[in-house]
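Undergrad: I have a structure here, written as structure tokens, and I will follow up with some questions on it.
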Amino acid sequence: MLSNSAKQLILGAAAAAIVLASSFAAHAEDSQFQHHRRHKKTNINLAVASNFYGNPPTSSAITDIIAAFEAANPRYTVTVVDNGATGTLADRIINGNERKVDLFLAADTETPRIYSSITCPW
């Protein structure tokens, strides 16, 4: 039987894969987008919480998710541009996004909510 943390990791990895796949599916169906991007790959800059990243990252959940996404979507590449604590990543993105993060996979849902309510009170 899987432990609760293993179940959470598997569910998180599955959710991340679904988010990656569905986020870009609309673009794949747009013929104008396909025409302009026919020979050029689009890169997705990813910030990922440490619990997805692993040590070494080559044996982590995120590596499997990225490989599956890129295999299913050959016009896209995914580059992990930042990893660390969810709060640290949220802070970096909110305060300038110097690493040009396109997608953020957090370890929980509460931390990003707290950060967004502090910086975006609407």
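Derivation of every value follows stated rules applied to the coordinates shown; laboratory data play no part. Bear in mind that the values here come from a model prediction, so they are computed numbers and not experimental data. Every residue, glycine as well, gets a Cβ built from its backbone with ideal geometry; the counts of neighbours run over all protein chains shown.
Undergrad: Could you give me the ³J(HN,Hα) list for region 81-92, computed from phi with Karplus coefficients 6.51, -1.76, 1.60 and θ = phi - 60°, whole Hz, x at Gly and Pro?
TA: Ordered by residue, 3J(HN,Hα) equals 9, 7, 8, x, 5, 3, x, 5, 5, 4, 4, 5 Hz.
Undergrad: For Asn73, enumerate residues with amide H under 5 Å from its amide H, sequence gap 5+ or separate chain, H modeled in the peptide plane.
TA: Long-range HN contacts for Asn73: none found.
Undergrad: Each residue of region 103-110 in turn: what ³J(HN,Hα) in whole Hz from Karplus with 6.51, -1.76, 1.60 and θ = phi - 60°, glycine and Pro shown as x?
TA: Result, ordered by residue: 9, 10, 9, 8, 7, 8, 9, 5 Hz.
Undergrad: Further question: At a Förster distance of 25 Å, what's the computed FRET efficiency of Thr58 paired with Thr88, Cβ-Cβ distance as r, to 0.05?
TA: It comes out at approximately 0.65.
Undergrad: Please list, in chain and number order, the residues 5+ apart from Thr42 or on another chain whose amide H is under 5 Å from its amide H, with Hs placed from the backbone.
TA: Residues meeting the amide H criterion: Tyr76, Thr77.
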